[in-house]
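Have a look at the structure below before the remarks.
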Amino acid sequence: GACAASAFGARGAQGGGRGRRTRPAPPSRSLCARFSARATMIRFLLLQNRAGKTRLAKYYVPLDDDEKHQLEREVHRVVVNRDPKHTNFVEYRAYKIIYRRYAGLFFSLCVDVNDNELALLEAVHLFVEVLDHFFGNVCELDLVFNFHKVYLIIDEFILAGEIQETSKKQIMERLGELEAVRE
């Protein structure tokens, strides 16, 4: 990819002008890390109903309360007024909102503009599947009255704004272990 092209396609592979060939230098680890090992950074996750009431908010960047409330209002306005025929990705400020509507709730993620939209849309779907499996046909009231369990579920697969686990089976096993400890 980009790392191989930058390290092996340069003139530095020929030495001294005498026709001797030398081994090219290995690619720089820091350069490769910037291109290929960059993780997806989720800025925040919001669960909002159609009326604009935020049912759950998880922020992975520091913001004061006024900024959080303003973001919640703006994101709600963007996703609710968007035509259902359009994609579930919308640019917002210097970021991108990836959202999905399930029944009366909007699940929204704010991510960097270069992040993979489809992978994050699948992460939203995984979150909903885990919620549905955990609560047994989840509804908005489950999220309101069991918000601490919802945060626990989020923390099982998103850590510091990065997706850590994508296996529904692994997440459910871990949640089962945590529920057993609580009892």
Q | Top-ranked residue of the range 40-65 - restricted to ones that are assigned to a loop (DSSP other than H, G, I, E, B) and of a type in the set (D, E, K, R), ranked as least open to solvent (accessible area, probe 1.4 Å) | A | Asp64
Q: Might you let me know whether the range 16-23 holds any residue that is surrounded by 15 or more Cβ atoms within 10 Å (Cβ to Cβ) and at pLDDT below 95?
A: no
Q) Of (1) farther than 20 Å from Arg55 by Cβ; (2) touching a helix residue (DSSP H, G or I) at 6+ places or on another chain (Cβ under 6 Å); (3) modelled with pLDDT under 90, Arg174 satisfies all except one. Which? A) (3)
Q. Since Asp66 meets every condition but one in (1) over 27 Å from Thr166 (Cβ atoms); (2) in contact (Cβ under 8 Å) with a residue 12 or more places away in the chain, which condition does it not meet?
A. (2)
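The values are calculated or read from the model by the stated rules, or taken from the named source; none is laboratory data. Remember, predicted model here, so these are calculated numbers, not experimental data. Positions of Cβ are backbone-derived with ideal geometry, glycine not excepted, and every protein chain shown enters the neighbour counts. Heads up: the accessible areas ignore ligands, DNA and RNA and are worked out on the full protein's heavy atoms, side chains in. Shrake-Rupley method; radii C 1.70, N 1.55, O 1.52, S 1.80 Å.
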